[in-house]
C-alpha cells in the first residue's frame, strides 16, 4: 500500500514533547535520642514523571526506614537499621524501538487522529501507545545489625550482619495492534503484531544478598605519644539469585492480560528459570602505628577466596604497607606560620581482582536447547545438547595488582588554600585477558592470567576557600591523568582495524587505515582502483566503483593493495617465531580510547540567604571512533540523525568539503560507500575533548523570622540545572560523555538537559 | 530480660559473622543451579542422542543453498562476486570459524563415546557424528578451501594442531571418506528408522552422500590430470554407493498422478498444509533422502528468510533458458519442433516441462503466498481473480527470464512457509550414478540410463524420448554434455552448479562469458517495451558484460581468511591469493 504523505514532523518533538516532566518528592523523618537510645523513623515518596509523551511511563517509590541504636551497658551497644522500599516502574513494552524506524516526516496520526502506520509498520509513537506496558514491581528489604562488644580495655569486638532481600515482579504485555491505518484512512492494515503474536509474560525475581563482618579492634596510646591500633577480622559476602518466568502467547484479549487466557495450544506457553550464586570470603588484618601524629605507619594483609575459581586456585594472599610524615608537626616548622599542613606519604601493596570472571567458568557446562531440528512427526522440535562454546579454565585465578603511590598534602594560609598531589604506578602481573586462538580450536578460549599491564599516572587537586565580608566562597579543581601499557599479552596477537588489545600498546587502542586524500579526478580514480585486487579493508569498492568524492587510504607497505592487517613498520617490530615481521598490512595505530586529563572545577558562594554552586567537568583529550552507521550521514535510513553534516559533503562544486560525497544507498551496484568512507581511519577519528557545566544550583533560604510563623524551621527554594552547557570537539553532534559505542543502541533514552525547581521545608 | 536478650543477639551475631568464613572452601563451593554440567552428562544413550540432534543444524538450507555461503552460478542472473570471480581476501570468514566450531562439537561426542559403558546403545549416534563430521569437512571446508587442517580430537589452547599446516587435498578427502565408510555399517536403513526418529540420517543418506563426494573428487582429479588409479577408485565408489541407494528401493521419485507434470514444482513447496492442488502432504514424499525439516503449523519451525518472496520472479540467465531440451528430446539448435523467440512466450513452447514449472511464462497468472494466494486451487474465476496480474517478464530490467521454483502459492505470510529443504534427494543420486558410470568407463549402457537418468527426465516428461546411445548417435549429441545438461536442469536451484563447474574444470570458461538475457532485437520485447537495455551485437540483453567476469584459476578455491594466517604462520594461503 503506497502512502506518500509526509510532514515536516520532528520525531524528537513528537515523542518527547517540550521535554518537561514533573516529579514530586516528599520526605518526612522523626528522630529522638537520650543517653541509651537513639531512634529515627523516616518516610519517603517519589513520583517521577516521564518526558516521553506516548504510552504509560512513570516510576513511583515509597520507602520507610527505622534506625535504632541502644546502649545496653558500657560494654555492649547494638545498632539496627530496617528499611522497606516499594518501587513501581511502568514503561511501554515497545520502548526499545523508539528510534528504529522513526524516520523524519512521518505523520503523527492519520487525518482523523487515528493510529498511523507506514507500510505495515505502526509508527513508533503508536507502538509506544498501543504496544502494551512493562510493569516492574520492586519490593526491597534491607536489614543491618551491628554489635559492638567491649572485651577488655582498648579491645573491642565488632560484628555486623547485613541482609538485603529484593523481590521483583515483572509483568510484560505485548499487545497486538489491529486498528492501524494509512494517513488517509483508505486502508486498514492487517494487525501487526497479529493477535497470535501477542503475549503476556510474568516473571519473579528473588535476590538475596548477605554480608557479614567481624573484627577485633585494639587501640592504645602508649607512653610518650606512641599510638597503636590493630584490627583483625573476617568478611563473607554471598548472593543468591533466583528468577523464573512464564509466558502465554496468543492472548484472548488486549484488555485482560492473564496467563490462563491464551487461545493457543501448548506450544504457545513457555517458561524459563535463572538461578545462580556467588560468594567471596576474606580474612584481614591491619596494624597502625603513629608517633606524635607525626610519623604514621600502616601494614595490612588479607587472604581472599572466591567461588568463581577452581578450589585449587581459589585463595590468595595480599599485603601492603604505607607510611606518612607530617612535616608540619615538626618543631622546626612551628615558626613557619603560613603552613598549616604539610604531609608526605607513600604506599606499596597488592590487592586481588576477580571482576569479569563468569560465575562457573571452571566447570564445563552443557547447553540444552529445545529449538532443535524437527524429527519424527512434524509436531515438535527436538532438544539439543552441546558443550558450552567457551572453554573452561581450571587454572585461572585472581589478578594480583601491585600498586605504589607517593603523595603530598599541603594546607596554607589557615587552610584557605589546600592542595594535594599524587603519583602512582601499578602493575597487574597476571592480568586476565581474552586469548585469540586459531579458529580450528573450535571454541572461544577463556580469559587467562596471561597479561602484564603497567599503569602509571598522577592526580592533583587544589582548593581555595575564603570569605569577603559576608560572602563566603570557594573555588577548586582537580586534574588527573594516567597511562598504561600492555607489557605482555601471552597469547597470539592479530592487529586488524578496530578497538583492540595488543601487546606493546595501551588497553583499548584504536587501529585503522590512513587517510590519503579524496578522489578528485578520473586519473586518481583509476590509480586508486589499481589497489582493489586483493584488498581486504572494510567495504572496499570494486575497481569500477571508484567515484569522485570518496576517501582514499594509504597503501603503507607498498604491496599494491589495502589489507586489514597491521603494518609492521608502524607496529614496532612484531615478529613471528622465526623472528620475521608479521602482519604486514596497512593498519596503523590511531591512539587509545580512554580519556586523558580528566578534570573537574567546582565553585560556589553564600551571601546572606543566597547560596550558589557550580561544577564543571571534562576531559582534555580523547580519541573517539563512532561505529560508522552512527556517524555516517543517512548511514541507516531508519535511524534518526542530527543535521550536523548538511552542507559539508563533497560535491563537484565543493571539492574541498569536510565530508565525502553523499551517495544513494546503492550506486554503481555498490551499497558500501558509507561504511567505506566512515570506516576507522585517522580521518574518521574524532577528538572527544569537552568541558561541560555539569551542575549549577542557586538557592534562597527564606528568613526564619517569616517561616517560624507558619511553624517551619527552614524553608529553602532553589533552582538547579544539570548538563545545561558544554563545549566540545565532537563533530557528529553526539553527547561527548557517551562512549564511542552508543550505550543502549538506537533505543536509548535521548540526551537531555535537566532543569529542576524545588522547595526544601524542615518542620 | 534485657540482658538475656542482648546476650542471645550477641552470641548469634558472633556465630554468624565469624563462623561462615571459617567454613572456607565449603562456603565457596557453589555449583551451577540452572545448567547441566559436563560431569553429570553423558550417562545414558539418550544424552548422546540429544548431542547428535544438534548436528542437524549444520546442514545446508535456504539462504545458504551451496552450504558454505560462497554462492555463485551461471544459471541465474548472478552478478555476485563469486560468480564474477571478483571476491577478495577477507580477514575473517565465519564459514571457516563455524565449521571448526561444529567439528569441535562433533569431536566432543566422539570423545565421550569412547568412555561410554555401553557402546552398542550409542553406535547410531557415533555413526551420525561421523556422518556430520564428513559433511562439515566436505560441504563447508574442502569445497571452499581445498585441503584444510584436520582436527580429529577436542583441542585445548595448547594443542599442537592449533599451529598445524594444512593437510593435503587427498588427506582431507580420505579422512572424509573414512568417516563415512565407518558410519555406513552402523546407520539404519531408512525402513528401519522408527516413526519418532524419521528425518535422522539413514544408511542410504550416508551412501548417497559418499556417492556425491566420490563423484566430486573423482571428476576433480580426472579433469586436472590426477592419478588415474586414485580417481577411478573414487568413481567406482561413487557408482557402488549410488547403486546401493537405488537398489535398496527405499526411496522413490515424487510423482503423484494427481499432480501430473507439475509434480516437481509442488515437490519444492510441499507442506503439511494444503500447498498443492491435490492436497498432498509431506508423507507422500519419499524422494528426500535427507532434508532440513520445517513446519508452518504453530510456526513450529519456519524457513529462514523471505524465500518465496525472493524466489518468485528472480532473474535467470539465457544459458539456463536455452539449456532446456525441446519436446523431441533435442536441444534448441538441433530440434525439429518449432522454436522461436519472436514473442514473449514463444520460446517456452514445445520444451521440457520443467521449463514451465521452474520458470515463469510471460502473460500467465501466478499465485503468490502473501498477497495473491490460491483461494481454492481450482483455477476458477474466483481463484484467478486473486492471482497476480499476467506475468510481465521485463519488470526487473535484468534478463527477462524469471524463476518460480521455491515460491509458495498457498496463503501464508512471508517467512512463515514450512516446506523442507532437500539436502540429498533421489534425483541427484540417479544423476550421480549416471555421470560416475560414464566418467569411469567412457560409456554408459541404455539399461543404466533407464535405471537412473531417464527416470529423472521422464518424471514430468512422459512423452519425451529417452536418452540412449542410439539417440545420441542419431542426432549428433554428446553423451557427456547431455548427462551434464540433465543435472544442470534438474538440480538448478539446489546449490550444485558452482561445485559442478569447478570439478569439471570449466568454471574459468563458463563464468567469464557475458551474462545474457532475452533476445530483444526483432522480438516482441523490442516492440512492447520502450526503454531498450544494453544489447549485444546479436541483439540479446546484456545483463553482465565480459569486462565484469573475472573468474580465473585462483577462484577455484576461496582464500583462507587472513586472520587465521596471522594466528598460525604454518597455515599457507591458496595459490593465487598470496
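The values are calculated or read from the model by the stated rules, or taken from the named source; none is laboratory data. Everything numeric here is computed off the predicted structure, so don't read it as measured data. With ideal geometry, Cβ positions are generated from the backbone for all residues, glycine too; neighbour counts draw on all protein chains shown.
Looking at (1) assigned to a helix (DSSP H, G or I); (2) more than 7 Å from chain A (Cβ to nearest Cβ); (3) more than 30 Å from residue B:561 (Cβ to Cβ); (4) touching a helix residue (DSSP H, G or I) at 6+ places or on another chain (Cβ under 8 Å), which is the one condition that is false for residue B:26? Going through (1) assigned to a helix (DSSP H, G or I); (2) more than 7 Å from chain A (Cβ to nearest Cβ); (3) more than 30 Å from residue B:561 (Cβ to Cβ); (4) touching a helix residue (DSSP H, G or I) at 6+ places or on another chain (Cβ under 8 Å) one by one, residue B:26 breaks only (4).
Inspection of the range A:189-199 identifies no residue that is away from chain B (no Cβ under 12 Å), part of a loop (DSSP other than H, G, I, E, B) and within 30 Å of residue A:302 (Cβ to Cβ).
Answer with yes or no whether residue B:264 is closer than 29 Å to residue B:187 by Cβ and within 14 Å of chain A (Cβ to nearest Cβ). No; evaluated as a whole, the condition is false for this residue.
The condition of being modelled with pLDDT of 90 or more, within 14 Å of chain B (Cβ to nearest Cβ) and not in a strand (DSSP E or B) holds for residue A:372.
Filtered by the rule that a residue be surrounded by 17 or more Cβ atoms within 10 Å (Cβ to Cβ) and not in a strand (DSSP E or B), the range A:240-253 gives a lone residue, A:250.
Taken together, the residues in the range B:62-95 that are within 13 Å of another protein chain (Cβ to nearest Cβ), surrounded by fewer than 22 Cβ atoms within 10 Å (Cβ to Cβ) and part of a loop (DSSP other than H, G, I, E, B) amount to 9. Checking each residue in the range A:285-312 for being under 31 Å from the mean Cα position of the chain (by Cα) and crowded, with 18+ Cβ neighbours inside 10 Å picks out A:302, A:304, A:305, A:306, A:307, A:308, A:309. Residue A:93 passes every criterion in (1) over 30 Å from residue A:189 (Cβ atoms); (2) away from chain B (no Cβ under 14 Å) apart from (1). Residues satisfying the criterion are present in the range A:221-234 (criterion: touching a helix residue (DSSP H, G or I) at 6+ places or on another chain (Cβ under 9 Å) and either surrounded by 14 or more Cβ atoms within 10 Å (Cβ to Cβ) or in contact (Cβ under 8 Å) with a residue 60 or more places away in the chain (or both)).
If a residue must be at the interface with another protein chain (Cβ under 7 Å from one of its Cβ atoms), surrounded by 14 or more Cβ atoms within 10 Å (Cβ to Cβ) and at pLDDT 90 or above, how many such residues does the range A:266-281 contain?
We begin by selecting, within the range A:266-281, every residue at the interface with another protein chain (Cβ under 7 Å from one of its Cβ atoms); these are A:267, A:273-279, A:281.
Retained after the next criterion (residues that are surrounded by 14 or more Cβ atoms within 10 Å (Cβ to Cβ)): A:267, A:274-279, A:281.
Applying the additional criterion that residues be at pLDDT 90 or above yields A:274-279, A:281.
Final tally of qualifying residues: 7.
Among the residues making up the range B:501-548, those that are exposed (fewer than 14 other Cβ atoms within 10 Å of the Cβ) and not in a loop (DSSP other than H, G, I, E, B) are B:509, B:527, B:528, B:546, B:547.
Here is a check on your reading of the model: is residue B:323 under 26 Å from residue B:497 (Cβ atoms) and free of Cβ contacts under 8 Å to residues at least 60 places away in the same chain? Reasoning before the result, please.
Numbers: under 26 Å from residue B:497 (Cβ atoms): yes; free of Cβ contacts under 8 Å to residues at least 60 places away in the same chain: no.
When the stated conditions are applied, residue B:323 does not pass them.
Matching residues to (1) away from chain B (no Cβ under 11 Å); (2) more than 26 Å from the chain's Cα centre (by Cα); (3) part of a strand (DSSP E or B):
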position	(1), (2), (3)
A:402	yes, no, yes
A:405	yes, yes, yes
A:409	yes, yes, yes
A:446	no, no, no
A:465	yes, yes, yes
A:474	yes, yes, yes
A:484	yes, no, yes
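Given B:289, B:269, which one is touching a strand residue (DSSP E or B) at 6+ places or on another chain (Cβ under 7 Å) and at negative phi?
On the way: B:269 fails: touching a strand residue (DSSP E or B) at 6+ places or on another chain (Cβ under 7 Å).
Exactly one residue qualifies, and that residue is B:289.
The lone criterion from (1) at pLDDT below 85; (2) within 22 Å of residue A:522 (Cα to Cα) left unmet by residue A:574 is number (2). Checked against the criterion of being more than 14 Å from chain B (Cβ to nearest Cβ) and closer than 30 Å to residue B:297 by Cβ, the candidates A:259, A:263 yield just one match: A:259. For the range A:486-511, a residue qualifies if it is in a strand (DSSP E or B) and either on the phi > 0 side of the Ramachandran plot or modelled with pLDDT of 95 or more (or both), and exactly one does: A:498. Would the range B:97-112 turn up any residue that is more than 14 Å from every other protein chain (Cβ to nearest Cβ), in a helix (DSSP H, G or I) and modelled with pLDDT of 95 or more? Checked against the condition, which is being more than 14 Å from every other protein chain (Cβ to nearest Cβ), in a helix (DSSP H, G or I) and modelled with pLDDT of 95 or more, the range B:97-112 yields no hits at all.
Can you name the residue in the range B:176-207 that is under 18 Å from residue B:109 (Cα atoms) and within 14 Å of another protein chain (Cβ to nearest Cβ) and is also surrounded by the fewest Cβ atoms within 10 Å (Cβ to Cβ) among such residues? Of everything passing the filter in the range B:176-207, B:200 is surrounded by the fewest Cβ atoms within 10 Å (Cβ to Cβ).
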